[in-house]
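Just below is one structure, and these are the notes that go with it.
Only the coordinates and a few stated rules stand behind these numbers; no lab work does. These numbers were taken from a predicted model, which means no experiment stands behind them. Please note: Cβ atoms are built from the backbone with ideal geometry, for glycine as well, and neighbour counts cover all protein chains shown.
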Amino acid sequence: MKKMRKILAMLLAVVMAMGMSVTVLATEGNGEASTAIKPTAEDKATATVENVEAGATVTAYRIVEPTYNDKGFTGYKVAEGVTLANMLEPTSNEVTGIAANKTLLADLTKETLKASEGATGLTTFSESLGAGYWVVIVEGSAIQEVYNPMLVGIYYSVEGSGDDNTLVNGTVDANSNWSLNSTPAYAKSEQPTIDKKITGSTGKDTSDGNESGNDVAVGDTVNFEIGTKIPSYSKSYTEVSVKITDTMGKGLTLADPTNLVVKVDNQEVAAAKDTYTYTPAEDKKSFEISFASAYALAHSGEAVVVTYDAVLGTDAGVNFDPNTNTAKLIYTNDPSGATNEIEDKTYTYTFGIDANLFGSDGSAWNKFTEELLKTGEVRKIILDSGEEIETTTLPGAEFTLTRTDGKTYAAVSDENGYLSFTGLDAGTYTLQETKAPEGYSLNDAKIPVEITAVYNGDGTLKSYAIKVNNENTSTYTATYDANEKGKVTNINCTPEHENDWSNVSDTHEIKNTKLASLPSTGGVGTTIFTIGGCAIMIVAAGLFFATRRKAEK
């Protein structure tokens, strides 16, 4: 037993000796921590910037860097050339001032962050960076958002420690607002928007909730509004371009260029050298509003509203052929001066009876509608080919179409009997013949006509229908290209018709009858009396001369 105790005692002594030797090895030499954990200038952690467009270039510039000695990490210092009131608490104004100094940035340590592999749309950029504060700048000609500089920090988990080289990763969200030791002044990134809408029209309102599409008659006025904002620019932007343009397609022109109104932050602002310039085109089909750079920077982030009126003219597209307005915001989105543009559209329509479904488009689905047809008794006509045929269609009949507010439209039936009315808005009308063709009686019936329209959410015309005498002729429905806004790819007719649309709609016929043939003055009855009278006069003359001769004898 004593022998066993001696053996255990010897083993315990060996274990203690080994433990002491490990401790000695760990601090051997200068008594410093092992080089495996001592902080050095080579230490790095991951810097991450979230919610940035995939096509951007993201660069980090170090403005505060760590200091080391033979014991390890000792603290921080401001990078050469950088000025900060408190290097551990830089303000947003100091950060943006550094970002605007291109000469200083060129001298700072920089790293380019890499996008997540295969990312599209908004993505995350990251890179291993050394300790300190890094100003992050996002640039790129293909990006849409306006990016202001950001700040990311990489720091040691045990500050001042000489035996722990663990760095804390830095993460910043580009979609967040600035709140770094100062009052939030601007967004780190911002996606500008533009909203073009129709606020009213002659005889119309926007009670249907669709402010992107409507219908009016030729000669009516349309009220437009463009809503956007001056992008939120930080001090890193020293010169910017902010423009609003509006281009009116066929059919629409500025009603009065001088009536355009610009409001910034809900205050009306007049055009001037130090605010903005307003340039309408000579043909009144477009205009440009260009803000002065200093004004745009001073009013960074403020809302802008532009209102104006346009008139629909006789060159308007008919039925599914839209009269399109395109508003654009063109803006600087990179401190280097690169620009981007965004747009929004509205669609104004006007309708036609006995007209093409889509103007002069040559597509097979663009057919001539046949809602109204003037007819009479069967007659023979000679075609251009020389062929003689029989038809009931009747040209030359004059009609008026009267809107409920009293506005009238006139048409004369053509050689095929069609009554073409164009430039109409949706609503209720009365159709009446005012003059019949020669040899025909007037049809004075008052025929109700109604046009109804349905719009898609983006303002494009989904379908329209025409009723004549309370009966639906046809409903026409458009199909649009999924990849190109506003592009019609097909138009269907309901109910469907046979013979390849030879009769595209249920035509309403307006019939006339020929005037009856009446006897001429001095007809057969008068002739008989005339002949009888002449006979009596002849007989009387004969008797007179016979009596005279007898008397002479």
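Observations
- Amide H contacts of Asp425 (H built 1.01 Å from N, in plane; Pro and chain starts excluded): Ala217, Phe351 sit under 5 Å, all sequence-distant by 5 or more or on other chains.
- In terms of its C-alpha gyration tensor, segment 84-165 has an oblate overall shape, because the principal axis ratio a/c (a ≥ b ≥ c, square roots of the eigenvalues) is not below 1.5 and a/b does not outweigh b/c.
- In the structure shown, the pairs Lys114/Lys328; Lys197/Lys487; Lys114/Lys229; Lys367/Lys487; Lys407/Lys435; Lys197/Lys250 are assessed against 22 Å; a Cα-Cα span above that value is assigned to Lys114/Lys328; Lys114/Lys229.
- For segment 241-252, backbone phi angles converted through the Karplus equation (6.51, -1.76, 1.60; θ = phi - 60°) give residue-by-residue couplings of 10, 10, 10, 10, 10, 9, 10, 9, x, 3, x, 10 Hz, Gly and Pro being listed as x.
- The 3J(HN,Hα) values that the Karplus relation (6.51, -1.76, 1.60; θ = phi - 60°) gives for segment 94-102 are, in residue order, 5, 5, 5, x, 5, 5, 7, 8, 5 Hz. Gly and Pro appear as x.
- Whether segment 285-335 is rounded, prolate or oblate, judged on the alpha carbon gyration tensor where a/c under 1.5 counts as rounded: prolate
- Placing pseudo-labels 7 Å out from each Cα toward the beta carbon at Asn492 and Ser128 gives an inter-label distance of 6.1 nm.
- Vicinal HN-Hα couplings computed from phi for segment 292-299 (Karplus, 6.51 cos²θ - 1.76 cosθ + 1.60; Hz; Gly/Pro x): 5, 4, 4, 5, 4, 5, 5, 10
- Built amide H within the under 5 Å cut-off of Lys374, gap 5+: Leu394, Tyr418, Leu419, Ile510
- The label-point distance for Asn69 and Glu42, in a model that sets each label 7 Å from Cα toward Cβ, rounds to 2.3 nm.
- Qualifying lysines (Cα of each under 20 Å from Cα of Lys71; at least 8 residues distant if same chain): Lys38, Lys44
- Under 5 Å, built H, 5+ apart or other chain: amide partners of Leu312: Gly219, Asp220, Val222
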